[in-house]
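**Student:** My questions all concern the structure below.
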Amino acid sequence: MKKNDLFMNSFITLKRWLHMNSQENNMEDPRIRFSTLLKNIILMIMSCSAALSLFAVDVYYPSIPEIEVELNASQIQTTLALVFYLLFMGIFPIFVGALSDFYETRRYIIIPSIILFTLSSIGIAFIKNIMALIILRCFQAIGAGSSMVLGPAMIADLYPIEKRGKAYGKFVFGLIMGPTIAPTIGGFLAMSDISWRASFWFCAGLGGLLTILTILCIPETYRKHSKFDIILPTTPVEKCYYDKVMDSSNDSTNNEQNKDNYLEQVQQKEDTTEKKFNPMLPLFLLRYPHVLLSSLACAIAFGVQISTDVILPNLFQEKYGFNALEIGLAYLSGGIGNISSAILHGIISDKLLLKSRSKRMGGKHKIEDRFTFNLWPSCMILIPLGSLLFGWSIKNGLNYWIPMVGYFISCFGTTQVLAIVSTYLTDSIPDHAASVAAGTVFVRETITCLLSLFSVKLLDSIGPGYLTIVLSGLIWVSFGFLIILKIYGQRFRYHSGLKQLEE
């Protein structure tokens, strides 16, 4: 009897799991269908998967001197291995975003991507020359890039606008844990008998674990916003959208009939409109001024941080005599800045958005409310200040704690900018959340590649002090882009035909 009960319970559990991932069940709104606990589990796994992509970047830094010696490679060649990783992590998500939005799936793209990352990491652990490292890092990047796109898309699926800031804060917190601990772990593993190869065995282990967790715990989350915002308004903002569809009459029968008529029209439009796959959709979205300017602002902020990450190992080895483990520990200051910034963003982002909305007559919603006051000092002051403190303290031979403090300040400001602007982009085009995230990642990784190569070359010519002046100047350019968006962003969206009905 007990065996039969166990069998029946297992069968029921399997049936529920299959139903959770079925197309039939996708007729339900994922914001209502999934519990808060499951949403948090999805966020945790997706943030860890996205963290894996950045973990594989930063775990590489402390081992750069050892890789150059063992593989007989130059600094430019080891930098190219990083640059191509970032480049492919920017290019491949274009197709991921387009595929995800066209086939209306998140789950069945993320699983094979993580598997590819795992297999590539195993391959890197066996390579014998620098060219093999560069090639396999490209495949590793293809597998890693999907989570950077699908994570924000899932947040748009699962959370309304008023809760996305907190959700994105949780996502970013997990995301930045990768680059926070990666250099320390990479430095520690580089001291082992198999040197830098141990870091990539570690990546393979993490990838395998995340593959299992993704298969078991992440359901399909894709949400049709045009449909569910009408059927089941889940927030006051969406209720405004819903009310505009209803007749002003108090007759509930008429209201219900109007809703049914509207839904029938929506369904007929979907049935008669031929859906075409456009692999270049993420790039086409960049033609909208608010998407392009936001992507450029994110790209510059991220590129400046990665450029600092790239030059840090050799600077600390030459100026302070740090070994691989000590270099890894030096990165912790930036990681602490990222973590504290993500926590702050999660706490205050949505509260500040609602406060901005309350000051407007009638509390009318506006997407640009996402640009809250914490964005401006982060971009205008903190990032340039931290960058200049980092570069000039090293140039003048000051104690290593001073550049580490500068690194902390710069990373704190960078995370604020990335989190706020990324959430804004998701809010502005929720129906193509994966595609707009893919376009942003493409711009970000492309500019980061160029800035990384540029910084390494320029460092040899003008030194760290003047290099950080150049990088700070770029940050102020991105600040100008954000000011333009704050003032004219709504006008840009309206002109592009992207006005949301609740505005």
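**Student:** Which value, in Å², gives the accessible area per residue of the stretch 358-486 when a 1.4 Å probe is used on the protein heavy atoms? Intermediate results must be reported in sequence, preceding the final value.
**Tutor:** Working: 4680 Å² over 129 residues.
Heavy-atom SASA per residue in the stretch 358-486 reads 36 Å².
**Student:** Need one number: nm distance between label points at Glu326 and Phe277, each 7 Å from Cα along Cα→Cβ, rounded to one decimal.
**Tutor:** According to this spin-label approximation, the distance is 5.4 nm.
**Student:** Using a/c under 1.5 as the rounded threshold, could you call the stretch 282-347 rounded, prolate or oblate? The axes a ≥ b ≥ c are square roots of the C-alpha gyration tensor eigenvalues, and prolate needs a/b larger than b/c, oblate otherwise. Intermediate values should be presented prior to the final figure.
**Tutor:** Values: a/c = 4.35, a/b = 1.89, b/c = 2.30.
Because a/c hits 1.5 or more and a/b fails to exceed b/c, the stretch 282-347 counts as oblate.
**Student:** Heads up, I need the accessible area for Asp369: 1.4 angstrom probe, whole protein in place, Å², nearest 10.
**Tutor:** Rounded to the nearest 10, that gives 0 Å².
**Student:** Specify whether the C-alpha gyration tensor of the stretch 430-495 places it in the rounded, prolate or oblate class, a ≥ b ≥ c being the square roots of the eigenvalues: rounded for a/c under 1.5, otherwise prolate if a/b is larger than b/c and oblate if not.
**Tutor:** On the way: a/c = 5.18, a/b = 1.79, b/c = 2.89.
Judged from the Cα gyration tensor, the stretch 430-495 comes out oblate (a/c at least 1.5, b/c at or above a/b).
**Student:** Of the accessible area of the stretch 278-383, with the probe set at 1.4 angstrom, what percent is carbon plus sulfur? Before the final figure, lay out the partial values.
**Tutor:** Values: 2750 of 3970 Å².
Carbon-and-sulfur percentage of accessible area, whole number: 69.
**Student:** Next question, about the same structure. Let's test the formula: R0 of 56 Å, r as the Cβ-Cβ distance of Asn399 and Ser358. What FRET efficiency results, to the nearest 0.05?
**Tutor:** Numbers: r = 47 Å, r/R0 = 0.84.
The calculated FRET efficiency here is 0.75.
**Student:** I've got another one for you. In the stretch 121-229, carbon and sulfur make up what percent of the accessible area (probe 1.4 Å)? Before the final figure, lay out the partial values.
**Tutor:** Working: 2720 of 3500 Å².
The computed percentage sits at 78.
**Student:** If you don't mind, there's one more thing I want to ask. How many times 2.2 N^0.38 Å is the alpha carbon radius of gyration of the stretch 313-453? Provide the component values of the computation, followed by the final result.
**Tutor:** Working: Rg = 18.3 Å, N = 141, 2.2 N^0.38 = 14.4 Å.
Taking the Cα Rg and dividing by 2.2 N^0.38 Å, one obtains 1.27.
**Student:** With a 1.4 Å probe and all protein chains kept in place, how do Arg444, Arg493 rank by accessible area, largest first? Provide the component values of the computation, followed by the final result.
**Tutor:** Values: Arg444 30, Arg493 0 Å².
From most accessible down to least: Arg444, Arg493.
**Student:** Within 13 Å, Cβ to Cβ, of Gly165, how many net charges do the neighbouring residues add up to if Lys/Arg are +1 and Asp/Glu are -1? Don't skip to the answer; put the middle values down first.
**Tutor:** Working: positive: Lys163, Arg164, Lys166, Lys170, Lys351, Lys355, Arg357, Arg370; negative: Glu162, Asp350, Asp369, Asp427.
Taking every other residue near Gly165 into account, the sum is +4.
**Student:** Could you please report the charge total around Ala56, scoring K, R as +1 and D, E as -1 over all other residues with beta-carbon less than 14 angstrom from its beta-carbon? It would help to have the intermediate numbers written out before the result.
**Tutor:** On the way: positive: Arg137, Arg197; negative: Asp58, Asp309, Glu445.
Result for the local shell: -1.
**Student:** What is the distance, in nm, between label points placed 7 Å from the Cα along the Cα-to-Cβ direction at Glu318 and at Trp376?
**Tutor:** So the two model labels end up 4.0 nm from each other.
**Student:** With a/c under 1.5 counting as rounded, go ahead and sort the stretch 142-214 into rounded, prolate or oblate using the C-alpha gyration tensor (a ≥ b ≥ c being the square roots of the eigenvalues; past the cut-off, prolate if a/b is larger than b/c, else oblate). Please report the intermediate quantities before stating the final value.
**Tutor:** Numbers: a/c = 3.63, a/b = 2.20, b/c = 1.65.
Prolate, since a/c reaches 1.5 and a/b exceeds b/c.
**Student:** A further question on this structure: Once neighbouring chains are kept in place and the probe is 1.4 Å, which whole percent of the accessible area of the stretch 391-499 is contributed by carbon and sulfur? Working shown, then result.
**Tutor:** Details: 2840 of 4120 Å².
The C+S portion of the solvent-accessible surface of the stretch 391-499 is 69 percent.
**Student:** Same structure again: Size of the stretch 385-503 along its principal axes in angstrom, Cα-based, largest extent first?
**Tutor:** Rounded to whole Å, the extents work out to 57, 23, 22 Å.
**Student:** Just in the stretch 277-346: which chymotrypsin sites (Phe, Trp or Tyr not before Pro) are loop by DSSP and have at most 16 other Cβ atoms within 10 Å?
**Tutor:** On the way: sites: Phe277, Phe284, Phe302, Phe316, Tyr320, Phe322, Tyr331; in loops: Phe277, Phe322, Tyr331.
Filter output for the stretch 277-346: Phe277.
**Student:** To continue, here is another question. Report the accessible area of Glu104, computed with a 1.4 Å probe over the heavy atoms of all protein chains in place, in Å² rounded to the nearest 10.
**Tutor:** It works out to around 60 Å².
**Student:** Once you have the Cα-Cα distance between Ser192 and Phe454, take 0.36 nm times their residue separation minus that, and quote the gain in nm to one decimal. If you can, show how the numbers build up before the last one.
**Tutor:** Numbers: separation 262, 0.36 × 262 = 94.32 nm, distance 3.26 nm.
Separation in residues times 0.36 nm, less the Cα-Cα distance, equals 91.1 nm.
**Student:** I'd like the accessible area for Trp476: 1.4 Å probe, protein heavy atoms, all chains in place, Å² to the nearest 10.
**Tutor:** Counting only protein heavy atoms, Trp476 exposes about 120 Å² to solvent.
**Student:** Using a cut-off of 12 Å between beta-carbons, work out the net charge of the residues near Ser422 (Lys and Arg +1, Asp and Glu -1, Ser422 not included). Could you put the intermediate results ahead of the total?
**Tutor:** Details: positive: Arg164, Arg370, Arg444; negative: Asp427.
Once all neighbours under 12 Å are counted, the net charge is +2.
The values are calculated or read from the model by the stated rules, or taken from the named source; none is laboratory data. Note that this is a predicted model, so its numbers are computed, not measured. As a convention, Cβ positions derive from the backbone with ideal geometry for all residues, glycine included, and neighbour counts pool all protein chains shown. Heavy atoms of the whole protein, side chains included, go into the accessibility calculation; ligands, DNA and RNA do not. Shrake-Rupley method; radii C 1.70, N 1.55, O 1.52, S 1.80 Å.
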